[in-house]
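Notes to accompany the following structure.
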Amino acid sequence: MSDSQQGPEKPPQLTYREAGVDLSRADTLVSQLQKLAARTHGPEVTPYSDAYAGLYRLAPGGPLLAASCDGVGTKLLLAARLRRFRALGQDLVAMNVNDLLPCGARPLFFLDYLAAGRLDPPALTELVEGMVAACQQAGCALLGGETAEMPGVYAADEFDLAGFAVGLVDPLLTPQTSGLAAGDRVLALPASGAHSNGFSLIRRALDRAGLSLAEKPAGLDQSLGETLLVPTPIYVKEVLSALGLGRGEVHGAAHITGGGLLGRARKLLRPGLAMRIWPEAYVQPPIFSLIARAGEIPAQEMASTFNLGLGFLLCTSPAGAERILAAADTPWRLVGELVEGPIGVDLGYARIG
């Protein structure tokens with residue numbers, strides 16, 4: 001067949017890097033910045049390996065505080081386009097308070113920062129209403145924040161968000177990472193969708209496929225835009241309850257955010273241990289298969305970018321898992337196990353070492 005008879009060249013598979021987000025470069029930069037920040041650390045700062053939150057002890061033998069900072073990424077572009085901001089307020093709170101949980105911290109208070117080219121009172125009110133409802137669900141106070149109008153830095157219809165949460169660590173609930181071992185069970189809380197990660201890749205995939213946010217593709221219960229705006233769950237009650245039920249038996253916890261299921265799960269492990277997630281043990285929300293098809297995104301890339309339906313993980317002994325799963329109306333599901341082998345995470349169809 002001559003070149004003139006061949007069909008149009010198929011576009012390459014999409015990756016997060018091609019969508020403008022280079023996680024490897026970001027990890028390298030963060031590592032460098034952490035070394036700079038360490039110059040400011042006194043004995044009050046307590047090292048903790050999960051990197052979700054910083055830990056600060058108020059006095060020798062005194063209470064230990066955990067603090068986190070996060071945003072909602074480019075999901076805010078979607079919210080602005082659809083003029084829907086309440087769910088974004090919950091996302092902002094959730095991405096911060098959920099990051100306090102892996103070290104066994106109960107959220108105490110939350111603060112927000114909003115910068116915009118021009119303040120939009122109805123949108124701002126809706127956004128704060130979402131934050132208030134989320135803080136009430138998390139059991140923490142919306143203590144305050146900063147709202148800045150910055151014309152020249154942002155266009156009139158542009159804005160950005162950041163959030164900050166502080167929690168009190170309960171040492172009895174802190175996962176005992178030294179106990180991590182082959183045979184540990186992996187429990188998970190379901191995700192509501194893409195949460196607030198990977199939206200640069202999502203937008204590129206939808207644009208490539210020519211999909212409209214108003215469409216309702218087969219398999220979705222609502223429009224594409226409404227599906228993508230479903231907020232991140234507040235996992236505070238479920239996680240703290242499980243840490244209490246599995247006290248002393250929980251060896252690791254992970255909020256599945258940047259780096260996706262593969263990246264975040266891998267950070268729980270130590271050399272000589274691998275994690276097996278059983279794909280038949282949970283239901284993956286249909287939005288992920290739609291995104292993968294729209295952008296022709298490889299399975300490995302999907303699993304390294306998105307939560308794929310698992311929003312929070314616990315690694316616990318079999319006895320601890322049994323207690324947590326036996327609780328009435330437990331939302332936790334048994335989705336995998338730890339095994340001996342080269343460090344890595346195996347999803348059955350994608351793996352990261």
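Rule-based calculations on the coordinates, nothing more; no lab input. Keep in mind it's a predicted model, so treat the numbers as computed, not measured. In this analysis, Cβ positions are derived from the backbone assuming ideal geometry, glycine residues included, and neighbour counts consider all displayed protein chains.
Listed highest first by mean packing, meaning other Cβ atoms within 10 Å per residue, what order do 197-205, 280-288 come in? Working shown, then result.
Details: 197-205: 22.7, 280-288: 15.8.
Top of the packing list down: 197-205, 280-288.
So between SER31 and LEU172, what do we pick up on full extension, going 0.36 nm a residue minus the alpha carbon distance?
Details: separation 141, 0.36 × 141 = 50.76 nm, distance 2.96 nm.
In short, 47.8 nm is gained.
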The size of the Cβ-based charge dipole (Lys, Arg +1; Asp, Glu -1) of the chain about the Cα centre, to the nearest 20 debye, is 440 debye
If every Lys and Arg gets +1 and every Asp and Glu gets -1 at its Cβ, then about the Cα centre the range 42-169 yields a dipole, in debye to the nearest 20, of 260 debye
Bridge orientation stat for the chain from DSSP, antiparallel percent rounded to 5, came to 80 percent
Rounded to the nearest 0.05, FRET efficiency between ARG208 and ARG83 (Cβ-Cβ, R0 25 Å) equals 0.50
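So for the chain, if I pair up every lysine 8 or more residues apart or on another chain, how many of those pairs have alpha-carbons under 26 Å apart? Mind showing how you got there, number by number?
On the way: LYS10/LYS216; LYS35/LYS267; LYS75/LYS216; LYS75/LYS237; LYS75/LYS267; LYS237/LYS267.
Pairs that pass both the separation and distance tests number 6.
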Of the candidates THR28, ALA319, LEU213, the farthest towards the positive dipole end of the chain (Lys/Arg Cβ +1, Asp/Glu Cβ -1, centred on the Cα centre) is ALA319
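Determine Rg/Rh for the range 260-334; Rg is computed over alpha-carbon atoms and Rh is the Kirkwood hydrodynamic estimate from the same atoms.
Values: Rg = 14.4 Å, Rh = 14.1 Å.
Expressed as Rg/Rh, it is 1.02.
Mean shadow of the range 49-138, computed from the convex hull of its alpha carbons, in nm²? Show your work: numbers first, answer last.
Numbers: hull surface 27.6 nm².
Averaged projected area of the range 49-138's Cα convex hull equals 6.9 nm².
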Using eta = 1.002 mPa s and T = 20 °C, Stokes-Einstein with Kirkwood Rh from Cα pairs puts D for the range 177-352, in µm² s⁻¹, at 128 µm²/s
Restricted to the range 42-169, the DSSP antiparallel beta bridge percent, nearest 5, is 70 percent
Output ordering of 112-124, 220-232 (per-residue mean of other Cβ within 10 Å, highest first) is 220-232, 112-124
The correct pair for the chain, radius of gyration to one decimal and Dmax as a whole number, both in Å and from Cα atoms, is 20.9, 78
